[in-house]
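S.K.: Structure incoming, see below.
The values are calculated or read from the model by the stated rules, or taken from the named source; none is laboratory data. Worth saying up front: this structure is predicted, and the values here are computed from it rather than measured. The area values use the complete protein model at the heavy-atom level, side chains included, leaving out ligands, DNA and RNA. Shrake-Rupley method; radii C 1.70, N 1.55, O 1.52, S 1.80 Å.
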Amino acid sequence: MNVQHIESLNDQVWQITGIQGARKRSRTEIVRQASEIVAVDVTPDALLNRLKRGAVYKPEMIEKALTGFFKGSNLGALRELTLRQAGS
């Protein structure tokens, strides 16, 4: 699950990215009730590298992703949000 899929973080994701959160969202209670949360963490640069190599999206979707949700500045802020959420 990506941070944008957590219902209670939708507004924060929108403020960071300017993009409305994912259509399919998980209720925050499910995340809060989890006995363990494991954050799979990569640096924004590593994620951008994977994206450019085609390891995340199909080639025809890469440019749109790089100019939208997957901007480096967005990724850094979303990473911080994720780590705070996993640590709480």
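S.K.: Using a probe radius of 1.4 Å on heavy atoms only, what accessible surface per residue do you get for the chain? Whole Å² is fine.
M.R.: 72 Å²
S.K.: If you take Cα extents along the principal axes in Å from the coordinates, which of [x] 60, 27, 22; [y] 37, 23, 21; [z] 35, 28, 21 do you get?
M.R.: [y]
S.K.: Just need the relative contact order of the chain here, percent rounded to a whole number, with Cα pairs under 8 Å and 6+ apart.
M.R.: So the answer I get is 31 percent.
S.K.: Please report the carbon-and-sulfur percent of the accessible area for the chain; probe 1.4 Å, protein heavy atoms only, DNA, RNA and ligands left out.
M.R.: On the way: 3130 of 6340 Å².
Carbon-and-sulfur percentage of accessible area, whole number: 49.
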